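Asker: Below: one structure in structure tokens.
The values are calculated or read from the model by the stated rules, or taken from the named source; none is laboratory data. Fair warning: this is a prediction, and the values are worked out from it, not measured in the lab. Methodologically, a virtual Cβ is constructed for each residue, glycine included, from the backbone with ideal geometry; neighbour enumeration extends over all protein chains shown. Surface accessibility is based on the protein's heavy atoms, side chains included, excluding ligands, DNA and RNA. Shrake-Rupley method; radii C 1.70, N 1.55, O 1.52, S 1.80 Å.
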Amino acid sequence: EAGVAQSPRYKIIEKRQSVAFWCNPISGHATLYWYQQILGQGPKLLIQFQNNGVVDDSQLPKDRFSAERLKGVDSTLKIQPAKLEDSAVYLCASRPGGSWSDTIYFGEGSWLTVV
Amino acid sequence: GNSVTQMEGPVTLSEEAFLTINCTYTATGYPSLFWYVQYPGEGLQLLLKATKADDKGSNKGFEATYRKETTSFHLEKGSVQVSDSAVYFCALTITGFQKLVFGTGTRLLVSP
């Protein structure tokens, strides 16, 4: 079974520029997450989708971050304009969605450096 | 609120030593508990989980027991290897919610 795919793996941009990350979850997984992991910290949830609807975006900085999951499959996370403090690993994850105790599977992450 | 507290690292051990990484939690409902591992340059991988009190999760020689009375889920391994060097994250989900809440992670360094 293919895992959660993310791209690009690495990105370096200047502050005030924009960047977009793409995620393809495991086939059939209804729930998709974007987490932000700053160096030395645990991952923090940015947004959660159930199919193509947003379940939780309470910690998404909406003035600069946006995310969409058209057709309930792939997802894109965008940052515009980027700030230095956005340097982090952006982790996409998915789960089947059938039970609250189902395992959440993570991709390898997209590493962002803002200079 | 819901939160996870882990012991600070790094934890430095020699090969074949016994490992314990402490994890305690605070939860408003009935949590499921998880340990995830992150190897250098890689994403998070589920190591083990337990969904109710007194359950023991185990995988690859690692174990953790869900202790409701002490709100703990300590990770243990009897004999660590160099290949176990990684960052270990304790996490929880709450009934009715589907998101993971993570601790800050504990780095394990195992030397030959």
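Asker: Calculate the dipole size of chain B relative to its Cα centre from +1 charges on Lys and Arg beta carbons and -1 charges on Asp and Glu beta carbons; express the result in debye to the nearest 20.
Answerer: 360 debye
Asker: Just tell me which lysines come within less than 18 Å, Cα to Cα, of residue B:52; anything on the same chain fewer than 8 places away is out.
Answerer: Leaving aside lysines fewer than 8 places away in the same chain, those within reach of residue B:52 are B:68, B:99.
Asker: Within the set of other residues whose C-beta is less than 9 Å from the C-beta of residue A:67, count the net charge using Lys and Arg as +1 and Asp and Glu as -1.
Answerer: On the way: positive: A:69, A:78; negative: A:57, A:68.
In short, 0.
Asker: Does a label point 7 Å from the Cα of residue B:70, set along Cα-to-beta-carbon, have any residues of the stretch B:24-56 with amide nitrogen under 16 Å, and which are they?
Answerer: Those under the cut-off are B:24-26, B:53-56.
Asker: Under a 5 Å amide H to amide H cut-off, with H placed in plane at 1.01 Å, what residues pair with residue B:48 once short-range neighbours are removed?
Answerer: It is B:35, by chain and number.
Asker: Summarise the partner chain shielding of B:26-38 as one whole number: the mean count of Cβ atoms from other chains within 10 Å of each residue's Cβ.
Answerer: Values: counts 0, 0, 0, 1, 1, 1, 5, 0, 3, 0, 4, 0, 6.
Rounded to a whole number, the mean comes out at 2.
Asker: How shielded is B:98-109 by partner chains, expressed as the average number of their Cβ atoms within 10 Å of its Cβ atoms?
Answerer: Per residue, the number of nearby Cβ atoms from other chains is 5 on average.
Asker: For residue A:76 and residue A:10 in the same chain, what is the full-extension length gain: residue separation times 0.36 nm, less their Cα-Cα distance, in nm? Kindly include the intermediate steps, with their values, before the conclusion.
Answerer: On the way: separation 66, 0.36 × 66 = 23.76 nm, distance 1.54 nm.
Computed gain between residue A:76 and residue A:10 is 22.2 nm.
Asker: Still on this structure, please answer the following. Which of the lysines could a cross-linker span from residue A:15 if the Cα-Cα distance has to be under 23 Å and same-chain partners fewer than 8 positions apart are dropped?
Answerer: Hits, sequence-local ones excluded: A:44, A:62, A:78, A:83.
Asker: Shielding by partners for B:80-91, please: the mean number of other protein chain Cβ atoms within 10 Å of each residue's Cβ. Kindly include the intermediate steps, with their values, before the conclusion.
Answerer: Numbers: counts 0, 0, 0, 0, 0, 0, 0, 2, 0, 3, 1, 3.
Average neighbour count from other chains, rounded to a whole number: 1.
Asker: Give me the accessible area per residue for the stretch B:1-47, probe 1.4 Å, as a whole number in Å². Numbers along the way, then the final one.
Answerer: On the way: 2280 Å² over 47 residues.
Counting only protein heavy atoms, the per-residue value for the stretch B:1-47 is 49 Å².
Asker: Ok, one more. In whole Hz and in residue order, list the ³J(HN,Hα) couplings for the stretch B:59-68 that follow from phi through the Karplus curve 6.51 cos²θ - 1.76 cosθ + 1.60, θ = phi - 60°; x for Gly and Pro.
Answerer: Using θ = phi - 60°, the values come out as 5, 6, x, 8, 9, 8, 10, 6, 10, 5 Hz.
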